[in-house]
Amino acid sequence: MKSLVILGSTGSIGTQALEVAQQAGYEVLALAAARQVDKLEEQIRAFRPAYAAMYDESAAADLRVRVADLPVKVLSGMEGLCTLAALPEADMVLNSVVGMVGLRPTLAAIEAGKDVALANKETLVAGGAFVMDAVAKAGVRLLPVDSEHSAIFQCLQGCPSSERALKRLILTASGGPFFGRTREQLASVTLADALKHPNWSMGQKITVDSATMMNKGLELIEARWLFDMPPEKIDVVVHRESIVHSLVEYDDNAVVAQLGVPDMRVPIQYALTYPARLPSPVKQLRLEDWATLTFAAPDDEAFPTINMARRALAQGGLYPAALNAANEVAVGAFIAGEIGFLDIMRLAGRVLDEPLPTPTSVDDVFAIDKQVREETRAAINSMK
């Protein structure tokens, strides 16, 4: 029986991870969230973890009062998240925290010798080189939770690493709610429009990222680090049905794909139970129920974000972290009604033209993240 720490337990991935853990019979040792006190209290009462943490200090104080009748230790802030990530009793840490907040806890878990099931994009987008170096030094496993990276990971299991001759990794993209629209048509779309994802139920930030296709650009950066592949060998194809989750092409031109209904409990469970496969509550895929599966090239003119990610990787250093930071602030401003949809992509892309220093430590990543967030916020304020 595994003992799990789940960071970001009140979000979409976290709540589904708890369902998977319960079905697998795993112990939930610790839970952490940002500020959803009601939901975390409910989870604590249901799963009885020994530890909990809230990133927001005032929310943590509220939670301590609410669960004073239970034998749970409540921590707070970044220190609390990192403490939970490094708990000696834990076998695995699932990190589904949203944003740059997730990078330090990932490193804390790795340095403590824990396997990490990773659903926090920023960990590898912003700190890829430092994180993978830490993984190699600690000898732990970094298991992908994103459906696309999990699909690639699963496809690679059929070929021993010593014999692996990869030609391409092929990430599939749903295309989001605006597939087929021109750049001119995107100028007038609203937040409500952007949140109408055709296949997945996700948080607002990642749903908007899917609408701009930045989500796929960030996943391309993640794939570069997870699978040690040069970006020119990572392609993206739009697959509207979200049945083929990603593909691997070998040097003999054989292409291996992982298929399944669009349900995140499959990749979550595979990360938590790897290398075992357990029965799942997910609906069985019957191909006859899907009359047609379609594939198309991304529209790089309407959605330049994938190429922004490629450029950030080519420029290297702090550019992926800067791109991520600018995008995160811009998406937040769009959700708040401060800017238009196309402004997200314009604000994100402008950081690629700025001269940035060469990083020497992960502290440089956090420094550029803070700097770019401040500069992007200033640019947004000047637009009002």
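For segment 241-308, the set of trypsin sites (Lys or Arg not before Pro) satisfying both a DSSP loop assignment and a count of at most 16 other C-beta atoms within 10 Å is given as 277, 283, 286.
Other residues whose C-beta falls under 15 angstrom from the C-beta of residue 95 contribute a net charge of -2, scoring Lys and Arg +1 and Asp and Glu -1. Taking every protein chain into account, the 1.4 Å probe leaves residue 300 with about 60 Å² of accessible area, to the nearest ten.
Convex hull volume of the Cα atoms of segment 242-288, normalised per residue: 101 Å³. Compared with the direct C-alpha span, the chain from residue 384 to residue 229 gains 51.6 nm at full extension, assuming 0.36 nm per residue.
Computed from the Cβ-Cβ distance with R0 of 35 Å, the FRET efficiency linking residue 193 to residue 168 stands at 0.60.
Could you list the residues of segment 312-338 with an amide nitrogen less than 20 Å from a label point located 7 Å from the Cα of residue 353 in the Cα-to-C-beta direction? Correct set: 312-316, 318-331. Summary of the geometry: segment 241-273 and segment 342-366, compared by the centres of their Cα atoms, lie 31 Å apart. Backbone phi angles across segment 47-53, fed through the Karplus curve with coefficients 6.51, -1.76 and 1.60 (θ = phi - 60°), yield HN-Hα couplings of 10, 6, x, 7, 9, 8, 8 Hz in residue order; Gly and Pro are listed as x. Each 10 Å bin from 0 upward holds the following percent of the Cα-Cα pairs of segment 278-365: 14, 31, 22, 21, 11, 1. For the listed residue pairs 39/205; 137/167; 196/216; 39/73; 121/370, the alpha carbons are over 21 angstrom apart in 137/167. Computed over protein heavy atoms with a 1.4 angstrom probe, the accessible surface ordering of 98, 37, 256, largest first, is 98, 256, 37.
Between residue 338 and residue 315, the distance separating the two model label sites (each 7 Å from Cα on the Cα→Cβ line) works out to 2.2 nm.
Restricting to Cα atoms and excluding each atom paired with itself, what does the Kirkwood estimate give for segment 1-106 in Å?
Taking every pair of different Cα atoms in segment 1-106, averaging 1/r and inverting gives 13.1 Å.
Remark: segment 114-128, residue by residue, has Karplus-estimated 3J(HN,Hα) of 9, 5, 10, 8, 9, 10, 9, 4, 5, 3, 8, 5, 8, x, x Hz, where x stands for each Gly or Pro and the curve is 6.51 cos²θ - 1.76 cosθ + 1.60 at θ = phi - 60°. Between residue 22 and residue 371, the distance separating the two model label sites (each 7 Å from Cα on the Cα→Cβ line) works out to 4.7 nm.
In plain terms, the chain from residue 58 to residue 42 could stretch by 4.0 nm, reckoned as 0.36 nm per residue minus the Cα-Cα distance.
Of the listed residues 148, 89, the order by accessible area with a 1.4 Å probe, largest first, is 89, 148.
Tally the DSSP beta bridges in the chain and give the antiparallel ones as a percent, rounded to 5. So the antiparallel bridges in the chain amount to around 30 percent.
Net charge dipole, the chain: roughly 380 debye, given to the nearest 20, about the Cα centre with Cβ charges of +1 for Lys and Arg and -1 for Asp and Glu.
The values are calculated or read from the model by the stated rules, or taken from the named source; none is laboratory data. This structure is a prediction, so every number in the text was calculated from the model and none was measured. All Cβ positions, glycine included, derive from the backbone under ideal geometry; neighbour counts span all protein chains shown. Accessible surface is based on the protein model in full, side chains and every heavy atom, while ligands, DNA and RNA are left aside. Shrake-Rupley method; radii C 1.70, N 1.55, O 1.52, S 1.80 Å.
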